[in-house]
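Asker: After the structure tokens below, expect a handful of questions from me.
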Amino acid sequence: MQAQHINVHGLEDRNTYLVFDGHNEAEFGMSWCAGFGGSFYNAYFEVMPKQPGFEKRRDLYMLYHYLNHYNLFGSGYRSSAMSIIDDYLWMLKA
């Protein structure tokens, strides 16, 4: 993995490196707010093919950010978070 050099606001005189050593699927946790269309996702999956179970894990990555936004910004994100939670509760009962 190659580190990307960035300048952090207020720390311009220091060399800072941004490194993410996680699963590429974690990127989809915030993709709901980026407004990407179908052509973006088609191109993405040509480079990084979906792995088995992606759809189930994607919802968990999204849930993390919906809960975070609910905590930070309020009730506008509650229904999205609850929908994912309800889906998982339903699956656990099945």
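The values are calculated or read from the model by the stated rules, or taken from the named source; none is laboratory data. Computed from a predicted model, the values in this text were never measured in an experiment. Cβ placement follows ideal geometry from the backbone for every residue including glycine, while neighbour counts extend to all protein chains displayed. Surface accessibility is based on the protein's heavy atoms, side chains included, excluding ligands, DNA and RNA. Shrake-Rupley method; radii C 1.70, N 1.55, O 1.52, S 1.80 Å.
Residues checked against (1) of a type in the set (F, W, Y); (2) over 20 Å from N24 (Cα atoms); (3) out of contact with any Ser or Thr (no Cβ under 9 Å at 6 or more places or on another chain); (4) surrounded by 14 or more Cβ atoms within 10 Å (Cβ to Cβ):
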site: A43; (1), (2), (3), (4): no, no, yes, no
site: E46; (1), (2), (3), (4): no, no, yes, no
site: D59; (1), (2), (3), (4): no, no, yes, yes
site: M62; (1), (2), (3), (4): no, no, no, yes
site: F73; (1), (2), (3), (4): yes, yes, yes, no
site: Y77; (1), (2), (3), (4): yes, yes, yes, yes
site: A81; (1), (2), (3), (4): no, yes, yes, yes
site: L89; (1), (2), (3), (4): no, yes, yes, no
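Asker: Contact list please: Cβ distance under 6 Å, first residue in region 33-59 and part of a loop (DSSP other than H, G, I, E, B), second residue open to solvent by less than 80 Å² (accessible area, probe 1.4 Å) and modelled with pLDDT under 90, pairs at least six apart or on different chains.
Answerer: Short answer, once both residue conditions are applied: M48/N24.
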